[in-house]
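Q: One structure, as structure tokens, below. Some questions next.
The values are calculated or read from the model by the stated rules, or taken from the named source; none is laboratory data. This one's a predicted model, so the numbers in the text were calculated from it and none came from an experiment. Positions of Cβ are generated from backbone atoms using ideal geometry, with glycine treated the same way; all protein chains shown enter the neighbour counts.
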Amino acid sequence: MSGVSQKNNRRHGAARRALSQRYLLVPAITAGLALASPVRAQAEEGKPQSLAASPGDAAAVMLPAISVEGEQISQPLTGFQMPVTPREVPQSVSVVPKERIEQQNLFNMEDAMKQSTGVRVERIDANRVNFYSRGFEIQKLQIDGLTTTMDDRLFLSPDLSMYESVQVLKGPAGLLTGSGGAGGAVNLVRKRPRGQAAVTGKLSAGSWDNYRGTLDATGPLNGSGTLRGRAVGTYQDRNSFIDQAWQKNATLYGVLEYDLTPSTLVTAGAGYQWLYAKQPWTLPAYSDFELLDVSRSTYLGADFNRDRFARTSAFAELEQALGNQWLAKVAFRYGDSKLHSDQAFAWGAVDRGTNLTDMWALKFDYREKQTGATAYVTGPITLLGQEHQLLIGTNYERINFHNSNFTAASEFFPYPNPVNVFNPSTDFPKAQFSRSDVTTLIEQLGVYGNARIHLAEPLTLVLGGRVSWWETSLDETGQQKQRDKFNAVLTPLVGLIYDLNNTYSLYASYAETFQPQNFRDADGDLLDPLQGEQLEAGIKAALFGGALNASLAAFRITETNRAQRPANNPDPQVFVARGKVRNQGFEAEISGQVQPGWDAFAGYTYTDTDNPTLGGGGPDGGSAFSVIAPRHLFKLWTNYRLPGDWNQWSLGAGLRATSKIFNEFEDGERLTQSGYATVDARLGYRVNQRLSVSLNVTNIFDKKYYQRINTVNSGNLFGQPRAFMLTLRGQL
């Protein structure tokens, strides 16, 4: 038996012993370590298991756990598209599993990211969002390991009715994704067909006439069970705490699995997501750099304001077992996203004497087509008495973005009559626009390899690298076509993992990424890409047979080549790549099952963004790290099923707390949101084995705060007030 197999068997055999240690170790966990999320779904009887774990970004993708003699073991990961446990990944990973999605009524990816350790969610407006980790943007989204790009211009947060879990890798994820922000990458795990027939439904009703329904049906489609299917449909209709604002959205998803042979699995599916909304834009601030103290229901917009989103996607996968535990996989995905927006919106600092701001006109049509493909082989080899894991792969991404630019006539830019923020009018005429078109094409091809080399029984070297070719072209009406490319960009990953025993592991890693930027120098050439690198070290634990996981990590991320305006060139279109910023801190997470019926998730991140000597100022004047990386960020959720005769009842509670955030400008002025905390709660009742009901309350104490701050002109958004949601779940 190989060293790896012996090690895994020892871990699995320790599962039963672990429960007897559970109560002794809980104080030690809460005192020192944090958990790195297991998903505890059991394998279903009669369902042929997938030939391969769904691949994910570097160290970020996890598969449902299987049960061993009734005990839970560490959830398998496909770190670097290899099946490993959380302890065997030399980077920080957070997971929002299915159980937590259900308990907290997390309806979309934005909701889940708000609950992820160390992640800051920054809304652009009522529907579009950016995600940040450790002060840097997360730009890459993987769906079952296949890379896509989150373009905040038209990114519609995916509805979680299509997905089992949300998984976040913190820090550079360049090994598998190639280009991307230094904050990390997100992987969504799709719902897959099951081997037994089941139909589940969910109905929710909440504050501001928020109604939502979901139907999910799955099962075998032939007598032998070799063909399985799943279909999901969701519809939501809701108003908002903001006057006049409303939203309707729908999601459809279908997937088929077919066992072509005992060693070949074919999967294909498609999804459609649609949203139609009336929304305001954002709020300005006072000209003396104070945030507005208006009602959270304030609507600064027009009666005609409308947003229309639509996204269609299709995917196909082929998994082939090659023997001797080797696996080959090929996957393809196509996505087509559209956004049309027509709005009047507030833009301009508010004068305290008059309380007036200007109203402007805005219109845009965006369309983006994304195509992605990946192919890889992975498996073990034995050398010098140790078993090692190898991975060789390639992936391709193509993004075609079309932007119809609309320029408003002068009388609408701005509207001649400003509005009073305490008594706004909404009867503005629709603007007249002139139009031009811009098409941007981005293509990226990469080849990568990764090896998990067991140097000795307790020590593993993780060694990987990717070479990327990136190219873009810009075609604008009336302008000369522009082409730029970067060839053979190397993004390495190196890690060491030392197993202290069957429970604890020490690790250290170095990872890189790169991100092309849309700025040019005095010669008209595209600036060099941003270069992100991270050093991380920490300790991980898989406790109680993997039911409870913990991690504590220290990190330092440095990003160079940030665009800056040269002091000796007055041209506002000219930049140089010389800015440098560094964020550092530590992160602790605890996630999983403290004891049967008691789930707990807690995460704390400390981020130091004080870098006055590193030249972090950018083209927008001043760094926004203080907005996207608060010094302290804490998130907690726990859910407990009562024992004995009260077993039908469950109680949940949550807390999200952040220290102050502020945006500082070139003249030293600041917009500041002081630190705040919001508290959530849940009460659940299981009527029987097939029917349950729950009541969720968010922001119980109705804390008034700005979830995003930007400038005195615009971009400031209130967080949601206290809200209630009653949910009925049933299963046939």
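Q: Considering only residues that are among the hydrophobic types (A, V, I, L, M, F, W, C) and assigned to a loop (DSSP other than H, G, I, E, B), which ones fall in the stretch 712-732?
A: Within the stretch 712-732, Val712, Leu732 meet the criteria.
Q: Within the stretch 109-157, track down each residue that is in contact with a helix residue (DSSP H, G or I) (Cβ under 8 Å, 6 or more places away or on another chain) and assigned to a loop (DSSP other than H, G, I, E, B).
A: Gln115, Gly135, Gly145, Ser157
Q: Tell me which residues, restricted to the stretch 299-315, are touching a strand residue (DSSP E or B) at 6+ places or on another chain (Cβ under 7 Å) and part of a loop (DSSP other than H, G, I, E, B).
A: Leu300, Ala302, Phe304, Asn305, listed by residue number.
Q: Might you check whether a residue that is within 30 Å of Gln343 (Cα to Cα), of a type in the set (A, V, I, L, M), assigned to a helix (DSSP H, G or I) and at pLDDT 95 or above occurs anywhere in the stretch 86-108?
A: Checked against the condition, which is being within 30 Å of Gln343 (Cα to Cα), of a type in the set (A, V, I, L, M), assigned to a helix (DSSP H, G or I) and at pLDDT 95 or above, the stretch 86-108 yields no hits at all.
Q: For Ala314, work out the one condition from (1) touching a Leu at 6+ places or on another chain (Cβ under 6 Å); (2) hydrophobic (A, V, I, L, M, F, W, C); (3) under 24 Å from Ser157 (Cα atoms) it doesn't fulfil.
A: All conditions pass for Ala314, except number (1).
Q: Taking the stretch 679-706 as the region of interest, how many residues are polar (S, T, N, Q) and in contact with a helix residue (DSSP H, G or I) (Cβ under 9 Å, 6 or more places away or on another chain)? Steps first, answer last, please.
A: If we filter the stretch 679-706 for residues that are polar (S, T, N, Q), which is where we start, we get 688-689, 692, 694, 696, 698-699.
If we keep only those that are in contact with a helix residue (DSSP H, G or I) (Cβ under 9 Å, 6 or more places away or on another chain) as well, we get 694, 696, 698.
Total meeting the criteria: 3.
Q: So, Phe345, is that one assigned to a strand (DSSP E or B), touching a strand residue (DSSP E or B) at 6+ places or on another chain (Cβ under 8 Å), modelled with pLDDT under 95 and aromatic (Phe, Trp, Tyr) or not?
A: yes
Q: In this structure, is Leu461 more than 21 Å from Ile557 (Cβ to Cβ), aliphatic (A, V, I, L, M) and at pLDDT 95 or above?
A: On the way: more than 21 Å from Ile557 (Cβ to Cβ): yes; aliphatic (A, V, I, L, M): yes; at pLDDT 95 or above: yes.
Taking the combined requirement at face value, the residue satisfies it.
Q: Across the stretch 429-475, what is the total count of residues that are within 30 Å of Tyr510 (Cα to Cα) and not basic (Lys, Arg)?
A: Adding up the residues that qualify gives 29.
Q: Can you find, within the stretch 516-560, the residue that is farthest from Asn502 (Cα to Cα) among those that are crowded, with 20+ Cβ neighbours inside 10 Å and without any contact (Cβ under 8 Å) to a residue 60 or more places away in the chain?
A: Leu527
Q: Do you know which of the residues in the stretch 366-423 that are without any contact (Cβ under 8 Å) to a residue 40 or more places away in the chain and in a helix (DSSP H, G or I) is surrounded by the most Cβ atoms within 10 Å (Cβ to Cβ)?
A: If we take residues in the stretch 366-423 being without any contact (Cβ under 8 Å) to a residue 40 or more places away in the chain and in a helix (DSSP H, G or I), then Glu411 is surrounded by the most Cβ atoms within 10 Å (Cβ to Cβ).
Q: Cβ-Cβ below 7 Å, separation at least six or inter-chain, first residue in the stretch 685-702 and under 21 Å from Trp646 (Cα atoms), second of a type outside the set (Phe, Trp, Tyr) and part of a loop (DSSP other than H, G, I, E, B): which pairs?
A: Tyr685/Gln648; Arg686/Gln648; Asn696/Asn105
Q: Next question, about the same structure. Which residue, of Glu476, Glu457, Glu443, is exposed (fewer than 14 other Cβ atoms within 10 Å of the Cβ) and touching a residue at least 40 places away in the same chain (Cβ under 8 Å)? Step through it out loud before you land on a result.
A: Numbers: Glu476 fails: exposed (fewer than 14 other Cβ atoms within 10 Å of the Cβ); Glu443 fails: exposed (fewer than 14 other Cβ atoms within 10 Å of the Cβ).
Result: Glu457 is the single residue among Glu476, Glu457, Glu443 that is exposed (fewer than 14 other Cβ atoms within 10 Å of the Cβ) and touching a residue at least 40 places away in the same chain (Cβ under 8 Å).
Q: Could you please let me know if Asn583 is closer than 15 Å to Gly135 by Cβ, buried (at least 20 other Cβ atoms within 10 Å of the Cβ), touching a residue at least 24 places away in the same chain (Cβ under 8 Å) and not basic (Lys, Arg)?
A: yes
Q: Continuing with the same structure: On the basis of being touching a residue at least 12 places away in the same chain (Cβ under 8 Å) and more than 26 Å from the chain's Cα centre (by Cα), does Ser204 make the cut?
A: no
Q: So for the stretch 262-278 (the condition being among the aliphatic types (A, V, I, L, M), within 30 Å of Arg333 (Cβ to Cβ) and surrounded by fewer than 16 Cβ atoms within 10 Å (Cβ to Cβ)), does at least one residue qualify?
A: Quick first cut of the stretch 262-278, residues among the aliphatic types (A, V, I, L, M) only: 265-266, 268, 270, 275, 277.
Cutting the leftovers down to within 30 Å of Arg333 (Cβ to Cβ) gives us 265-266, 268, 270, 275, 277.
Checking which are surrounded by fewer than 16 Cβ atoms within 10 Å (Cβ to Cβ) leaves us with 268, 270.
Yes, the stretch 262-278 has at least one match.
Q: Another question, if that's okay. Looking at Arg128 and the list (1) buried (at least 24 other Cβ atoms within 10 Å of the Cβ); (2) of a type outside the set (Val, Ile, Thr); (3) touching a Phe, Trp or Tyr at 6+ places or on another chain (Cβ under 8 Å), which single condition is not satisfied?
A: Arg128 satisfies every listed condition except (1).
Q: Right, Val419: within 30 Å of Met359 (Cβ to Cβ), of a type in the set (Val, Ile, Thr) and out of contact with any Phe, Trp or Tyr (no Cβ under 6 Å at 6 or more places or on another chain) or not? Before you say what the answer is, go through the steps one by one.
A: Working: within 30 Å of Met359 (Cβ to Cβ): yes; of a type in the set (Val, Ile, Thr): yes; out of contact with any Phe, Trp or Tyr (no Cβ under 6 Å at 6 or more places or on another chain): yes.
Against the criterion (within 30 Å of Met359 (Cβ to Cβ), of a type in the set (Val, Ile, Thr) and out of contact with any Phe, Trp or Tyr (no Cβ under 6 Å at 6 or more places or on another chain)), Val419 qualifies.
Q: Now a separate question. Could you please let me know if Phe575 is out of contact with any His (no Cβ under 9 Å at 6 or more places or on another chain) and either modelled with pLDDT of 95 or more or basic (Lys, Arg) (or both)?
A: No, not satisfied.
Q: Run down Arg308, Arg296 and say which single residue is within 30 Å of Phe345 (Cα to Cα) and in contact with a Pro (Cβ under 7 Å, 6 or more places away or on another chain).
A: Exactly one residue qualifies, and that residue is Arg296.
Q: Quick one: in the stretch 608-645, which of the residues that are modelled with pLDDT under 95 and outside any loop (DSSP other than H, G, I, E, B) is surrounded by the most Cβ atoms within 10 Å (Cβ to Cβ)?
A: Ile628
Q: Okay, moving on. Taking the stretch 667-693 on its own, how many of its residues are within 24 Å of Thr638 (Cβ to Cβ), under 26 Å from the mean Cα position of the chain (by Cα) and either among the hydroxyl-bearing types (Ser, Thr, Tyr) or part of a strand (DSSP E or B) (or both)?
A: Looking only at that region, the number is 7.
Q: When residues of the stretch 489-505 are filtered for being surrounded by fewer than 18 Cβ atoms within 10 Å (Cβ to Cβ) and under 28 Å from the mean Cα position of the chain (by Cα), how many remain?
A: 5
Q: Can I ask one more? I need the strands (runs of 3 or more DSSP E) fully contained in the stretch 183-296, keeping only those with at least 2 residues that are closer than 23 Å to Lys98 by Cβ and at pLDDT below 95.
A: Passing ranges, in order: 184-190.
Q: Mind checking whether some residue in the stretch 511-526 is at negative phi, polar (S, T, N, Q) and touching a Pro at 6+ places or on another chain (Cβ under 6 Å)?
A: Yes, that holds for at least one residue.
Q: While we're looking at this one, here's another question. Looking at this structure, is Phe309 in contact with an Asp or Glu (Cβ under 8 Å, 6 or more places away or on another chain), touching a residue at least 12 places away in the same chain (Cβ under 8 Å) and of a type outside the set (S, T, N, Q)?
A: Details: in contact with an Asp or Glu (Cβ under 8 Å, 6 or more places away or on another chain): no; touching a residue at least 12 places away in the same chain (Cβ under 8 Å): yes; of a type outside the set (S, T, N, Q): yes.
Taking the combined requirement at face value, the residue does not satisfy it.
Q: Criterion first (within 30 Å of Leu726 (Cβ to Cβ) and either at pLDDT below 95 or surrounded by fewer than 21 Cβ atoms within 10 Å (Cβ to Cβ) (or both)) does Val166 satisfy it? Spell out the reasoning first.
A: Working: within 30 Å of Leu726 (Cβ to Cβ): yes; either at pLDDT below 95 or surrounded by fewer than 21 Cβ atoms within 10 Å (Cβ to Cβ) (or both): yes.
Answer is yes for this residue.
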